[in-house]
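Encoded as C-alpha cells, the structure appears first; notes follow it.
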Amino acid sequence: MSPAPLVAGDRVALLATAGPIVAANLERAQDLLVSWGLVPVTCPSATARHPRAPYLAGGDEQRARDLEDAWCDPSVRAIFCLRGGYGTIRLLDRLDVARMAAAEPKPVLGSSDVTALHDWLREVLGVPDVSWFSPMLASAPLLDHPAAVTSLRSALFAPHEPVLVRGPDTVVLQTGAPVTGPLVGGTVALLAMTLGAGPVPDHVGCIALLEDVGERTYRLDAYLNALLRAGWFEGVAGVALGS
C-alpha cells in the first residue's frame, strides 16, 4: 500500500546518498519545506564532505547510517535524497536489511544516482510503492523552476490519483492497446551498473520508465544492450523514455 500524503507538521529527513550538497541549495531546500509547513530534519551527510573523494558527501558509513536511521525513525514521514552524482550504490551493502524491513515504509524521493536505491528498495527490501523518482530537492532544476516546485508539492500533499503525463514533445514510437502496471526503471547508466549484483528482477507486466542525460549515444546503446542481454526487459508491458 502506498504511504499516505504528507500533511503540515510532518517531519522529513534531508540527506545525501551520493555527491556533496551546495550549501546555498541546501538552505533553499530547507526554506522550501518550511514554506510547505513541513519540519526538515537535516542529517549529517547533507553537509559532509569526504576527506579524500570530493565527489562524495562524507564517508560511505555516514551516508548509509543517515539513510538507515531516517528510514527506521517512526517520526520521519519521508526521505529526501538531496542530489545525485555518484555514490549511492556504495551504500547498499552497508544497510541492515533486517532492521529496515521491520520499519514502517515511507516515501524516498530522488532520481539520477538514487536509481540504485530505488532498485534496492524494490528488489531487496520488497517495498516498491515507496520509490518516488522525483527532482532532487537541493538542485537548480527544481529550485529554479516554479512549475516543478508546484508539481512536487501537489504530488506530496494530494491523494495519490493516476494522472496522464504527456509533454509537448512526446512521440509515440509504437501504438497498441493501453497497458497498466507497476513502474520500474530509472537512470539507464545506474540500472546497467547494478547488473550482476543479484538475480535479474522479474519485470513481467511492468512499465519500464527510463531516462538519462549527458550520455553519448554509444554509451546509451551499450547500457541498453547490457540490460537487454541480461533479460531486464523480459515480459515488460511497455517502455517510456525521457531525460
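FYI, it's all coordinate maths here, none of it is from the lab. Here the structure is a predicted model, which is why all the values come from computation and not from measurement. With ideal geometry, Cβ positions are generated from the backbone for all residues, glycine too; neighbour counts draw on all protein chains shown.
The structure shown yields Rg/Rh (Cα atoms, Kirkwood Rh), and of the options (1) 0.94; (2) 1.16; (3) 0.97 that calculated value carries the label (1). Net length available on complete extension from Ala155 to Val22 is 45.4 nm, with 0.36 nm assigned per residue and the Cα-Cα distance removed.
Only Cα pairs under 8 Å and at least 6 apart count here; give the relative contact order of the chain as a rounded whole percent. Before the final figure, lay out the partial values.
Values: 425 pairs, mean separation 42.2, N = 243.
Dividing the mean separation by the residue count of the chain yields 17 percent.
In the chain, taking the dipole from charged Cβ atoms about the Cα centre, the farthest positive-side position among Gly37, Gly176, Pro74 is held by Gly37. For the chain, the longest principal axis of the Cα atoms and the long axis of helix 146-157 meet at an angle of about 90 degrees.
Taking the chain as a Gaussian network of alpha-carbon nodes connected by springs under 10 Å, the highest mean-square fluctuation of the residues Leu95, Leu191, Leu67 belongs to Leu95.
Mean sequence separation of contacting Cα pairs (under 8 Å, at least six apart), scaled by the length of the stretch 1-117, corresponds to a relative contact order of 33 percent. Using a cut-off of under 15 Å, list every residue of the stretch 207-242 whose amide N is near the label point 7 Å from the Cα of Ala177 along the Cα-to-beta-carbon line. Hits in the stretch 207-242 for Ala177 at 15 Å: 237-238.
What number do you get for the stretch 183-242 when its Cα radius of gyration is normalised by 2.2 N^0.38 Å, N = residues? Walk me through the numbers before you get to the answer.
Values: Rg = 10.9 Å, N = 60, 2.2 N^0.38 = 10.4 Å.
Cα-based Rg divided by the globular estimate yields 1.04.
Take each peptide in 116-123, 210-217, 44-51, count the other Cβ atoms within 10 Å of every residue, and average; sorted highest first, the result is 116-123, 44-51, 210-217.
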